[in-house]
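Notes follow the structure.
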Amino acid sequence: MSDQATQLRKLVQGSAAARRPTVSAYVPPSVRSGEVSYRPAPSRHRNGRRSVMQRVGLARAVAVTSGKGGVGKTNLAVNLAVCLAALGKKVCLLDADLGLANADVLCNLSPKLTLEHVVSGRCRLAEAMLLAPGGFRLIPGASGVARLADLDSEHRLRLLTQLAALERLADVVVIDTSAGLSANVLAFAAAAHRVLVTTTPEPTAITDSYGMIKALVGQAPKARIELVVNMVSHEQEASSVFHRIDRVSRTFLKRSIDYAGAIPMDDQVREAVRQRVPFVLYAPDTPATEAMRRLARRVAGVGDPNPLDSPPGGGFFARVASWLARTHDSPTVRTNA
């Protein structure tokens, strides 16, 4: 029982698996006033020089990913964005599920312009950006456009060049990646300041989340990886799932992962999805909403002594381009980072 496959089998053993109300959404003052340029003028050091972080005002990037579909990844990303906005952060959610995007569906939005139009050069990124419920900005992906899932070098460069501007417009960029282990997914996740790997207590989800962690560690050994266990019956179930995955990770990958928290199973969450409203706005007093607020405070760095620590190598999208250049032999995007 010392081989990895046997350990993975042991890891999943015992895993178990109206009407729309009026929603009073929190909208930050800068959004209410129609501001587009979010960042204040950068401050200077005493010697008159600006640091890289101050000079370009780079946002922190949080990638929400999963090893398989159906674990609530997009719902997590959307509601995290709402909660971060409620904390006063200027948030942009990038629906980077290139080909099967649906963050706009959860927000009851019908975008006329998407990432497909940006990639093809038919519009600029600012034209495709939408104000979503809760006060965050959404960049919708293109559902059903398979070619976006495997962009060539030219189109990746065009997309990343446009996206690089986001890091000067927001405090936090939340990236809702595709499920699975494609090069695009790993690029977004490996370049992020932190990665929230989403799973459920289901055996297949647990196994696939470990597969995502394994692939990510192989590409970015120093990545900050945190596990979110969704749709749990109780906290002990979530803790059990985390410890199983962490144990196998420490045994075979020689590193531990962090526990970001759990989101309980909640009928109000299902109803909010049917009504196409973020559940933290639809049902603000439920345990699922409170759990999401705790996760947002963690992501926002509340209580973190070094909330602005970030990986080396410039801005997030510059690192994405660099990673894709290594895997696809594509050009890198020019930024001022």
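The values are calculated or read from the model by the stated rules, or taken from the named source; none is laboratory data. Predicted, not measured: the structure shown is a model, and the values here were computed from it. A quick note on method: Cβ atoms are made from the backbone with ideal geometry, for glycine too, and the neighbour counts reach across all protein chains shown.
Computed quantities for the displayed model
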| item | result |
| --- | --- |
| Criterion (surrounded by fewer than 24 Cβ atoms within 10 Å (Cβ to Cβ), at pLDDT 90 or above and out of contact with any Phe, Trp or Tyr (no Cβ under 8 Å at 6 or more places or on another chain)) met by exactly one of ASP150, ASP104 | ASP104 |
| 2 or more residues surrounded by fewer than 19 Cβ atoms within 10 Å (Cβ to Cβ): qualifying helices (runs of 4 or more DSSP H) within the stretch 209-308 | 235-248, 267-275, 287-300 |
| Cβ-Cβ under 7 Å pairs, at least 6 apart or on other chains, the stretch 86-106 side basic (Lys, Arg), far side at pLDDT 85 or above and assigned to a helix (DSSP H, G or I) | LYS89/ALA300 |
| Subset of the stretch 93-131 (residues that are under 24 Å from ALA179 (Cβ atoms) and among the acidic types (Asp, Glu)) | ASP95, ASP97, ASP104, GLU116 |
| Lone qualifier among ARG194, ARG244 - being touching a helix residue (DSSP H, G or I) at 6+ places or on another chain (Cβ under 8 Å), at pLDDT below 95 and not hydrophobic (A, V, I, L, M, F, W, C) | ARG194 |
| Residues of the stretch 81-99 classified as in a helix (DSSP H, G or I) and either surrounded by fewer than 24 Cβ atoms within 10 Å (Cβ to Cβ) or in contact with a strand residue (DSSP E or B) (Cβ under 6 Å, 6 or more places away or on another chain) (or both), total | 4 |
